[in-house]
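> The structure under discussion is supplied below as structure tokens; questions concerning it will follow.
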Amino acid sequence: MLKILIVDDHMITRMGLKVLMKDVLPAHTVDEAETGNDAMLLVKEKSYDLCLMDLNIPKTDSLEMIKRFKVMRQEMKILVVSMNNEDVYALNVLKNGAMGFVSKANGYEDIKSAILKVLENKKFMSENIISLLIESESEKLESNPFNRLSERELEISKLICEGHPTKMIAFKTNLQLSTISTYKAKIFEKLQVRNTIELFELSKVHMLLGN
């Protein structure tokens, strides 16, 4: 029997979600929390399979609460059911550990589908959220200067940042010393850095070394 937690400061919303859950899951138990503090206490005491929660909970940083929930109960699936603007909050909700965001304004079937998908351990994303994610990833690619480099230039950049001398880089890449020097000059020009130190600092900012 699955254990469900509903976190919302509006009784009518909690009642509506409880009715919906009866349709989605014939066998389950439901606990309710009206405040963030109540929700935290319940999550400390019990292991829930699913948490349906609003973002507008008085005196509560809901995004921070999602992160704390995931630290306390990593296995608990979180679906945000909220009237907040999807464009503004959906990506942050997902980044903080929730598995989906669905608007309270959506129809019964949409919210039901979101719950079922999350229970299958799949993320629920509307077409709008998917578009936002694609746009966000595109912006990241555009903002990372290392994406200006060719595959070979990126390989040599990593070797330079790892502290390998030019002779070793030539050996590892099977290239001539003069060719490495040419590549190095192109890399510095494309990344607009003046020396190896600046290249290393830039690589840390963009996690080129995986740190």
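> Can you find a residue in the stretch 62-75 that is assigned to a strand (DSSP E or B), modelled with pLDDT of 95 or more, in contact with a Gly (Cβ under 8 Å, 6 or more places away or on another chain) and under 21 Å from residue 40 (Cβ atoms)?
No, there is no match, as no residue in the stretch 62-75 is assigned to a strand (DSSP E or B), modelled with pLDDT of 95 or more, in contact with a Gly (Cβ under 8 Å, 6 or more places away or on another chain) and under 21 Å from residue 40 (Cβ atoms).
> Only one of these is assigned by TED's automatic domain parsing to the domain that holds residue 28 and farther than 19 Å from residue 68 by Cα: 122, 95. Name it. Even if it seems obvious, please write down each step before you answer.
On the way: 95 fails: farther than 19 Å from residue 68 by Cα.
After ruling out the rest, the residue left standing is 122.
> Does at least one position in the stretch 99-107 carry a residue that is over 30 Å from residue 2 (Cβ atoms) and surrounded by fewer than 17 Cβ atoms within 10 Å (Cβ to Cβ)?
No, that holds for no residue.
> Looking at 79, 20, 25, 41, which one is at pLDDT 95 or above and farther than 25 Å from residue 133 by Cβ? So that I can check it myself, show each step before the final result.
Working: 79 fails: farther than 25 Å from residue 133 by Cβ; 20 fails: at pLDDT 95 or above; 25 fails: at pLDDT 95 or above.
Only one candidate qualifies: 41.
> Follow-up question, since we're still on this one. Consider residue 74 against the criteria (1) on the phi > 0 side of the Ramachandran plot; (2) loosely packed, with under 14 Cβ neighbours inside 10 Å: it satisfies all of them except one. Which criterion is unmet?
Status for residue 74: all satisfied but (1).
> Kindly indicate whether residue 114 is touching a Phe, Trp or Tyr at 6+ places or on another chain (Cβ under 6 Å) and among the small types (Gly, Ala, Ser).
So residue 114 fits the description; yes.
The values are calculated or read from the model by the stated rules, or taken from the named source; none is laboratory data. Bear in mind the structure is a predicted one, so any value in this text is a computation, not a measurement. For neighbour counting, all protein chains shown are included, and Cβ atoms are generated from backbone atoms with ideal geometry for every residue, glycine included.
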